[in-house]
């Protein structure tokens, strides 16, 4: 099941949340869960930062239904998984 995580929230935004998820996966010998960053920013630096934090994909608001569905399909189809070690 993929996770869609907003990247800039007041309490715990997507960056530390992704770090916590990744740490849990490593400590518990779990396969990585695909994480999609959600942001209002379409700038390349936000996309780069999301990917460096361990997020698999990023999409911008307003959410395009077709883009969201394609992203979920890509993240849940084993041959298309972007994170290393999942295919």
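No lab work stands behind these numbers, since they all come straight from the coordinates. Everything numeric in this text was worked out from a predicted model, so none of it was measured. Cβ atoms come from the backbone with ideal geometry, glycine included; neighbour counts cover every protein chain shown.
Can you list, bin by bin at 10 Å, the percent of alpha carbon pairs in the range 3-79, starting at 0?
Going out from 0 Å in 10 Å bins, the range 3-79 shows 19, 51, 28, 3 percent.
Using per-residue counts of other Cβ atoms within 10 Å, averaged over each peptide, order 19-27, 56-64 from highest down.
Working: 19-27: 12.8, 56-64: 15.7.
So the order, starting with the most tightly packed, is 56-64, 19-27.
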